[in-house]
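Heads up, the thing below is written out as structure tokens.
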Amino acid sequence: MRICVRDGGDILGTQWRDKAESPTRRVTPLFCAKVILASEFKLYKFVKNKFLKTYFQRYRPFLVFLLKFFSVYAGLTFVYQSYLNRFDHTLAFEVDGFTKSVAGQVQRMLAFFNYNCQLQLHESQASIKLILNGVYVSRVVEGCNALSVIILFAAFVVAFSGKWVKTIAFLVIGSVLIHLMNVARIAILSVALLHYPKQESWLHGVVFPLIIYGFVFGLWVIWVNQFSNYARKD
């Protein structure tokens, strides 16, 4: 019997050649990059139109508040820190001029109430000793001048800004009131420490910080409810 292998071989060979010669798309790095860029662009459009736009409109007042608050706070803190950097607090124990001014005002306030108050520069740190009726009761350091509190107050007021005239006027008046409250706070604290020295941690760490921060919070409430753009219009 004769077996024809040639025909079968031709058929298989033809099928193999047809498969090998069929057109195929080569996957190149450029093609992959185009696919990735197209996918990222579609994702960007989706996020922009469906997510960012919707949520920004919904939370726009809050986001604007945060932007204003942190911008003003960072700017004023930078200016204040630049001022403090002019003094050598570490080696020469220099006290900045504003802190000296606060200590002097405390001295005059106590003298007005017939207390014998003396001020002395500290020998081993950047502070001013406050000696009341011959007793060393407290020291005035940079953190006692309330400028950092005033910066915090100003940042909040600008973040909840109203008309510029009202905003500037409230900033000036509020800052002066905070300063006067702080001077009175240090004076009263010194008298309290003279009579109740064992209560120093409680008076200095709890009571008097509550007074100054509570006063600032009250000013914020007045600003928001009475003068800012969010105040109710009767």
Restricting to Cα pairs under 8 Å and 6 or more apart, the percent relative contact order of segment 127-234 works out to 31
Roughly how many Å² of Arg139 are accessible to a 1.4 Å probe, to the nearest 10? 110
With a 1.4 angstrom probe the carbon and sulfur portion of accessible area for segment 104-234, in percent, totals 65
How large is the accessible surface per residue of segment 89-220, computed with a 1.4 Å probe and reported in Å² as a whole number? 53
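The values are calculated or read from the model by the stated rules, or taken from the named source; none is laboratory data. As the structure is a prediction and not an experimental result, all values here were calculated from the model. Note: accessible area is taken over every heavy atom of the protein model, side chains too, but ligands, DNA and RNA are not part of it. Shrake-Rupley method; radii C 1.70, N 1.55, O 1.52, S 1.80 Å.
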